[in-house]
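Below: one structure, written as structure tokens.
FYI, it's all coordinate maths here, none of it is from the lab. Keep in mind it's a predicted model, so treat the numbers as computed, not measured. Cβ: placed from backbone, ideal geometry, glycine included. Neighbour counts: every protein chain shown.
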Amino acid sequence: MGSRALGVTLRQAAPIPLDVSFTCDPGQVLAIFGPSGSGKTTILRSIAGLYTPSEALVQAGDETWVDTAARSSVPVHRRAVGVVFQDYALFPHLTALSNVMTALGHLPRGERRARAEALLTLVHLSRHRDRRPAALSGGERQRVAVARALARDPAVLLLDEPFAAVDRSVRRHLQDEIDQIRRSLDIPLILVTHDFDDVVRLATHLLLLDGGRMVALGPLGALTSRPDLPWLRETAGLGSLFEATVVRIHASRGLAELAFQGGTLFAPCRALVEGLRVRVRIPAREIILAKEPPRGLSLHNVLSGAVSAMYGDRDADHVVVQIVVGEVRLLAEVTRDAVTQLGIVTGLPLHALIKSLSLEVLTSQA
Amino acid sequence: MDFAALRVSSLLALATVVVLLPLGVWAGHALAVRTFRFKPVVEALVAVPLILPPTVLGFYLLVIFSPRSPLGAAFEAVAGQTLAFSFAGLLVASMIVNIPFVVQPIQRAFESVPREVREAAACCGLTPLQRFLRIEIPLAWPGILTAAMLAFAHTLGEFGVVLMVGGNIPGETRTLSIAIYDRLQAFDDQAVGVMAATLLVIAVATLSVTTWLGRAAGRRG
């Protein structure tokens, strides 16, 4: 654990069951993903100091914020924590600018206004600085909340379902903005969400939570390529996720060529430009497995690899097959019958067939 | 028109508000945001003056004010007069009668400040006192003003307890509502009419301002 990392251990049996232990380094985005009522928000509240479970150890860098074993706890207002609340919790009687200035108490009085204005500019809201929250749209309120959370110059940034209260169209835009902002921050960032779209777009690490219990924890790429997480399959759908670079745009064919650590892929070129770093997600249900390379198909993507792991419940009609392609592990969801027909076993060389339209290419403007 | 009575009434109403309001803000805030064991009992006690007959309340106050009780004796030793049938006694009685009118609106006002907003203030680095002064009071002020208005208007109109505890001493404990009763007994219909109209106007004005403030607060939230 680095010197500015966040370390969290929380345990209790009731009233809200909790059993988690994780660390988050500066620059990482740890997404806590789970269904409603799984205890996600309680974890955030415990880090901020708004709630103390019966057993808690929270350390931010060299500071111990709470240690129930030593009966020590730092009050909320002395923890350098930035929180974006689910409903933003802006101060309704203050303008956007004053909302941000409220969190600047650590600066000399004369510097607060300029700093608040700079933060509102950062979230593209300087023109509405004199408006009260009631006169702002949902997305604008979210931006004020983000600016206010950053104003504290926090050691940890906590986002509680930050996109739940905005429209889909605004959401994509705000996700990009948060992604940009977090790249300029060198602090641990914890994102609580029940929408896997947020995870796919923003997270570097993932904690799966169910009933207060940690189901799995790890880097996003590693967790999304694990075949043995039926829980994730049911909640978000399986699909491996990896980084890629746009190496060429074939404008006449409407395709973009993406290089990743297992070869190249073709995707519809849409808004892609050469040199862009993207995230690619391949839903496990969209992959077809073949023993021979196919001919005469309208198919652009054929990746060759070998079966590295298989997972299937005895009573389920599907099997999750993990295939190593270069450095990347893909997940394919196939029927039990297909496994028998092809004679799929661990180590078998296979070809993964993927329609270019099935690729989910996630761009970030950063 | 008994101007001495109008003066006593106004002074009593003003003093009641000035002394009771800070206590009411403290109590209303505590009842709104804190959880403690005997909270339901405390809330019931706060509401008791609403339903207790003024005569019952007046009787108990007279017992406490009597020189034979510790409080009455202490006051007499310091002030050289009894609490009963004095302006000071009247003020104490008026404060007790007004507790629910002050505490309840203030409690509701603080309760209407969302918990997340209070928590966000803490996460912004504000100390409990800064949160109270900069976030909670500004958001609860329409309720606090309502409480002040209600206590003021209600004190002007209080009759039963005043008669029991204060009697009818001109310039000291004779309030406007007592004066009305007094004049009515003497068949001085014209004076009664003027004084009754005065109280009516004050009551209507107070309630209008209170309602208007409530609306303004609603629009802003």
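Shielding by partners for peptide A:85-96, expressed as the average number of C-beta atoms from other protein chains within 10 Å of each residue's C-beta, is 5. Centre-to-centre separation between the Cα atoms of the stretch A:304-366 and those of the stretch A:1-69: 35 Å.
How much net charge surrounds A:ALA332 when only the other residues with a Cβ under 12 Å from the Cβ of A:ALA332 are counted, with Lys and Arg +1 and Asp and Glu -1?
Working: positive: A:ARG285, A:ARG329; negative: A:GLU286, A:GLU333.
Net local charge, A:ALA332 excluded: 0.
When only alpha carbons are used to place a centre, the stretch B:1-69 and the stretch A:94-164 end up 43 Å from one another. Charges on Cβ only, +1 for Lys and Arg, -1 for Asp and Glu, centred on the Cα centroid of the stretch A:234-366; of A:LEU330, A:ILE344, A:ALA236, which one is farthest towards the dipole's positive end? Positive-most Cα among the choices belongs to A:LEU330.
Given points 7 Å out from each Cα along the Cα-Cβ axis, report the A:ILE249 to A:ALA290 separation in nanometres with one decimal. With each label point 7 Å from Cα toward Cβ, the separation is 3.0 nm.
Who wins for biggest fluctuation among B:LEU21, B:LEU52, B:LEU199 in a Gaussian network model of chain B, springs between alpha carbons below 10 Å? Its mean-square fluctuation being the largest, the pick is B:LEU52. Would you work out if the protein assembly as shown is rounded, prolate or oblate? Take a ≥ b ≥ c from the square roots of the eigenvalues of the alpha-carbon gyration tensor; rounded if a/c is under 1.5, else prolate when a/b is larger than b/c, oblate otherwise. Judged from the Cα gyration tensor, the protein assembly as shown comes out prolate (a/c at least 1.5, a/b above b/c).
Mean per-residue shielding of peptide A:102-111 is 2, counting Cβ atoms of other chains within 10 Å of each Cβ.
For the stretch A:128-209, give the magnitude of the charge dipole about the Cα centre (Cβ charges: +1 Lys/Arg, -1 Asp/Glu; no others), in debye to the nearest 20.
Values: 13 positive and 13 negative charges, 65 e Å.
Dipole size: approximately 320 debye.
Of the peptides A:313-320, A:133-140, A:273-280, the ranking by mean beta-carbon count within 10 Å, highest at the top, reads A:133-140, A:273-280, A:313-320.
Please list A:333-339, A:352-358 highest first by mean number of surrounding beta-carbon atoms within 10 Å per residue. Before the final figure, lay out each step's value.
Details: A:333-339: 16.0, A:352-358: 17.9.
Per-residue mean Cβ counts within 10 Å order the peptides as A:352-358, A:333-339.
Helix-only arithmetic for the protein assembly as shown: the sum of -39500 (n - 2.57) across DSSP H runs with n ≥ 4, divided by the residue total, places the mean residue ellipticity at 222 nm at -14000 deg cm²/dmol.
How big is the charge dipole of the stretch A:55-112 about its Cα centre, in debye rounded to the nearest 20, if each Lys and Arg gets +1 on its Cβ and each Asp and Glu gets -1 on its Cβ? Could the numbers behind the result be given before it?
Values: 5 positive and 6 negative charges, 54 e Å.
Charge dipole of the stretch A:55-112: 260 debye, to the nearest 20.
Hey, what did the stretch B:1-154 get for relative contact order, percent, Cα under 8 Å, at least 6 apart?
Details: 140 pairs, mean separation 51.1, N = 154.
Worked out over the stretch B:1-154, it gives 33 percent.
The mean sequence separation of alpha-carbon pairs under 8 Å and at least six residues apart, normalised by the residue count of chain A, gives a relative contact order of 16 percent.
FRET efficiency for the pair B:LEU50 and A:SER73, taken as 1/(1 + (r/R0)^6) with r the Cβ-Cβ distance and R0 = 51 Å, rounds to 0.80.
Taking the longest Cα principal axis of chain A as reference, the axis of helix A:168-184 is set at about 70 degrees.
Counting Lys +1, Arg +1, Asp -1, Glu -1, what net charge surrounds A:GLU286 among other residues with beta carbon under 15 Å of its beta carbon?
On the way: positive: A:ARG233, A:ARG281, A:ARG285, A:LYS355; negative: A:GLU333, A:GLU360.
So the surrounding residues net to +2.
Which residue fluctuates most in the GNM of chain B (Cα springs below 10 Å): B:ARG37, B:ARG68, B:ARG131? Residue with maximal mean-square fluctuation among B:ARG37, B:ARG68, B:ARG131: B:ARG37.
Count Lys and Arg as plus one, Asp and Glu as minus one, and take only other residues whose Cβ is under 12 Å from that of A:GLY82; the net charge is then +2.
Partner shielding of B:197-209 amounts to 0, given as the average count of beta-carbon atoms from other chains within 10 Å of each residue beta-carbon. When only Cα pairs below 8 angstrom with a gap of at least 6 residues are kept, the stretch B:116-217 shows a relative contact order of 28 percent.
Projecting label points 7 angstrom from Cα along Cα→Cβ for A:SER298 and B:SER10 puts them 9.1 nm apart.
Dipole of the stretch A:155-209 computed with +1 at Lys/Arg Cβ and -1 at Asp/Glu Cβ about the Cα centre; of A:VAL199, A:SER184, A:ALA155, farthest Cα towards the positive end is A:SER184. In terms of its Cα atoms, the stretch A:274-366 spans 44, 31, 22 Å along the principal axes, sorted from long to short.
How do the peptides A:221-232, A:250-261 rank, highest first, by the average count of neighbouring beta carbon atoms within 10 Å per residue? Please list the in-between numbers first.
Numbers: A:221-232: 19.1, A:250-261: 15.2.
Sorting A:221-232, A:250-261 by mean packing, highest first, produces A:221-232, A:250-261.
Rank B:THR175, A:ALA114, A:THR68 by how far each Cα sits towards the positive end of the charge dipole of the protein assembly as shown (+1 on Lys, Arg Cβ; -1 on Asp, Glu Cβ) and give me just the farthest. It is A:ALA114. Charges were assigned to the Cβ only: +1 to each Lys and Arg, -1 to each Asp and Glu. The resulting dipole of chain A about its Cα centre is roughly 1000 debye.
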